[in-house]
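The values are calculated or read from the model by the stated rules, or taken from the named source; none is laboratory data. Everything numeric here is computed off the predicted structure, so don't read it as measured data. A quick note on method: Cβ atoms are made from the backbone with ideal geometry, for glycine too, and the neighbour counts reach across all protein chains shown. Keep in mind that these areas ignore ligands, DNA and RNA; they rest on the heavy atoms of the full protein, side chains included. Shrake-Rupley method; radii C 1.70, N 1.55, O 1.52, S 1.80 Å.
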Amino acid sequence: MFLPKIYPITDTRLTRLPHAQQVGKLIEGGAKFIQLRDKYASPNDFYESAKEALEIARKGNVKIIINDRVDIALVLKADGVHLGQDDLPPEHARRILGEKAVIGFSTHNLEQVIEALKLPINYLAIGPVFNTQTKENPDPVIGLEGIRRARDIAGDFPLVAIGGITSENFQAVLDAGADSVAVISDLLSDPDKIGEKMNIFIHQSQTFDK
Ligand code: TZP
Ligand code: MG
């Protein structure tokens with residue numbers, strides 16, 4: 001599965017911008033794989049705005065993952081869905097969306113990682129790695145040590161780290177064993193600089209590749 005090192009997630013509360021505009025700016029900055037996350041919009045509003053975002057993403061050959069809503073991912077033929085512990089179980093999402101869909105699944109501790117590895121998913125996310133203001137009622141932080149342990153348990157299964165990740169600390173998170181870092185506030189908190197910030201992340205990750 002295609003999983004880039006930097007995995008941006010949209011947030012309309014933080015940016016006050018529609019998903020489509022956030023996606024446009026993230027793509028300008030070099031994003032290739034974006035999750036649309038909306039905890040407050042009605043299903044109808046999320047559907048409409050995800051549809052616009054997908055049109056932009058398709059033009060740029062960028063993959064779109066829908067947070068929570070398997071139904072919206074299905075009707076819009078999005079690339080996949082990201083599910084949490086309280087969402088529709090991944091085995092049902094797999095039956096609905098088919099073999100080609102990307103299904104990501106959130107975990108917050110090592111027991112959940114062990115269970116997640118039995119599921120029909122394409123990547124697992126773990127976090128929060130560091131303190132975050134973005135998620136309501138976040139689980140306890142797992143730190144870099146949590147990433148190292150998750151990597152030990154997960155073998156070479158695709159692992160995404162999330163929570164409090166910035167352009168300053170993401171390389172340490174990748175070095176601890178994450179394949180990819182999911183980022184919200186550090187990318188989006190200045191809506192005028194989303195593209196620029198995305199570009200900084202990509203540039204940094206390529207610098208470390210050398
Ligand atoms: N799940 C665990 S932490 C988090 C989610 C959705 C929020 C991450 O946001 P930020 O702003 O990158 O800390
Ligand atoms: Mg969810």
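Brief remarks follow.
- Entry note, the range 1-77: relative contact order of 33 percent, from Cα contacts under 8 Å with a spacing of 6+ residues.
- Alpha-carbon Rg with Dmax, taken over the range 105-202, Å: 13.4, 42
- Placing dummy labels 7 Å off each Cα toward the beta-carbon, the span from Lys59 to Arg16 is 2.5 nm.
- Charge dipole magnitude, Cβ of K and R +1, D and E -1 - the chain, Cα centre, debye nearest 20: 460
- Residue with peak Gaussian network fluctuation, the chain [Cα springs, cutoff 10 Å], from Arg151, Arg95, Arg37: Arg95
- Residue among Lys100, Lys197, Lys63 with the largest mean-square fluctuation in a Gaussian network model of the chain, springs linking Cα atoms under 10 Å: Lys100
- For the range 42-84 versus the range 92-121, the inter-centroid distance based on Cα atoms is 18 Å.
- Protein accessible area in the range 34-108, 1.4 Å probe - carbon and sulfur %: 48
- 3J(HN,Hα) along the range 161-167, derived from phi through the Karplus expression 6.51 cos²θ - 1.76 cosθ + 1.60 where θ = phi - 60°, amounts to 9, 8, x, x, 8, 10, 5 Hz, with x in place of Gly and Pro.
- Among beta bridges from DSSP that stay inside the chain, the antiparallel ones total about 0%.
- The range 57-136: proportion of alpha-carbon pairs further apart than 17 angstrom, %: 47
- Largest GNM mean-square fluctuation across Ile147, Ile34, Ile96, computed for the chain with C-alpha springs under 10 Å, falls on Ile96.
- Extension gain (nm, one decimal) between Arg148 and Asp71, 0.36 nm per residue minus Cα-Cα: 24.3 nm
- Accessible area per residue for the range 63-195, computed on protein heavy atoms with a 1.4 Å probe, is 46 Å².
- Sum of side-chain charges, Ile56 neighbourhood, beta-carbon under 11 Å (Lys, Arg +1; Asp, Glu -1): +1
- Translational diffusion of the chain, µm² s⁻¹ [Kirkwood Rh, Cα pairs; Stokes-Einstein; 37 °C; 0.692 mPa s]: 194
- For the chain, calculated [θ]222 nm from helices alone, where every DSSP H run of n ≥ 4 adds -39500 (n - 2.57): -12500 deg cm²/dmol
- Whole-Hz ³J(HN,Hα) from phi, Karplus 6.51 cos²θ - 1.76 cosθ + 1.60, for the range 186-195, glycine and proline x: 5, 7, 10, 5, 10, x, 7, 10, 4, x
- Count Lys and Arg as plus one, Asp and Glu as minus one, and take only other residues whose Cβ is under 14 Å from that of Gln112; the net charge is then -3.
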